[in-house]
Amino acid sequence: ESYADTYGYLYNWYAVDDERGIAPEGWHIASDAEWMELEITLGMSESEATDTGFRGTDQGSQLAGNSSLWNNGDLGNNAAFGTSGFNSLPGGCRGNLGNYGNVSNYCYFWSSTVSSNHNAWYRNLHYNYSDVSRYSYAKISGFSLRCVRD
């Protein structure tokens with residue numbers, strides 16, 4: 001609760017999938033394909049966008065914002081930092097065991113796309129990498145959300 005004013009809330013993936021809809025009317029949570037489209041628009045190759053792990057060059061730096069909240073590292077020291085206007089903040093995560101952590105180090109965003117029965121795709125920015133990670137993780141974990149206009 002103490003971080004919500006600065007970083008926003010963290011949600012498990014089931015909130016993304018809830019039929020009541022967590023996004024405001026006229027909006028939705030970005031799919032894995034929509035995340036890839038954004039990354040490609042920011043200069044990532046299509047082959048990298050479909051890969052897993054950290055990919056790209058400076059797309060993470062482009063997506064990040066508010067350098068005073070991030071720990072010092074490659075993400076914030078890259079000349080492209082904050083240039084996309086996306087303004088990702090390092091709100092950390094809530095792990096699948098309920099523990100909170102990594103504030104100022106990471107930001108995680110769920111996509112609306114399932115990768116398996118227990119996992120869904122997400123994106124991650126890390127303070128010491130200027131690129132973006134794509135991977136799947138346990139749906140019970142708490143990550144940030146970003147809405148996209150329909």
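Where in segment 11-101 are the helices (runs of 4 or more DSSP H), entirely inside, with at least 2 residues that are modelled with pLDDT of 95 or more and among the charged types (D, E, K, R)?
Details: elements: 13-17, 32-41, 46-49, 59-63, 74-77.
Here the list reads 32-41, 46-49.
Only one residue in Ser45, Ser84 is surrounded by fewer than 17 Cβ atoms within 10 Å (Cβ to Cβ) and free of Cβ contacts under 8 Å to residues at least 60 places away in the same chain. Which one? Show your work before the answer.
Working: Ser84 fails: surrounded by fewer than 17 Cβ atoms within 10 Å (Cβ to Cβ).
Going through Ser45, Ser84 in turn, just one is surrounded by fewer than 17 Cβ atoms within 10 Å (Cβ to Cβ) and free of Cβ contacts under 8 Å to residues at least 60 places away in the same chain: Ser45.
So which pairs qualify, if the first residue must be in segment 10-26 and more than 10 Å from Lys139 (Cα to Cα), the second must be of a type in the set (D, E, K, R) and surrounded by 11 or more Cβ atoms within 10 Å (Cβ to Cβ), the Cβ gap must be under 7 Å, and the two must be at least 6 apart or on different chains?
Listed pairs, sorted by first residue: Leu10/Arg94.
Does segment 104-150 hold any residues that are over 16 Å from Trp13 (Cα atoms), assigned to a loop (DSSP other than H, G, I, E, B) and either modelled with pLDDT under 95 or open to solvent by 50 Å² or more (accessible area, probe 1.4 Å) (or both), and which are they? Lay out the reasoning, then the answer.
Applying the first criterion (over 16 Å from Trp13 (Cα atoms)) to segment 104-150 yields 104-106, 125-133, 148-150.
Adding the requirement that they be assigned to a loop (DSSP other than H, G, I, E, B) leaves 104-105, 127-131, 150.
Of everything in segment 104-150, those that are over 16 Å from Trp13 (Cα atoms), assigned to a loop (DSSP other than H, G, I, E, B) and either modelled with pLDDT under 95 or open to solvent by 50 Å² or more (accessible area, probe 1.4 Å) (or both) turn out to be Tyr127, Asn128, Tyr129, Asp150.
Hey, could you check segment 13-42 for residues that are crowded, with 18+ Cβ neighbours inside 10 Å and of a type outside the set (A, V, I, L, M, F, W, C) and say which is nearest to Asp131 (Cα to Cα)?
Step by step, filter segment 13-42, then rank; the result is Glu39.
The values are calculated or read from the model by the stated rules, or taken from the named source; none is laboratory data. Since this is a predicted model, take the numbers as computed values, not measurements. All Cβ positions, even for glycine, are placed from backbone atoms using ideal geometry, and neighbour counts span all protein chains on display. These area figures cover heavy atoms from the full protein model, side chains too; ligands, DNA and RNA do not enter into them. Shrake-Rupley method; radii C 1.70, N 1.55, O 1.52, S 1.80 Å.
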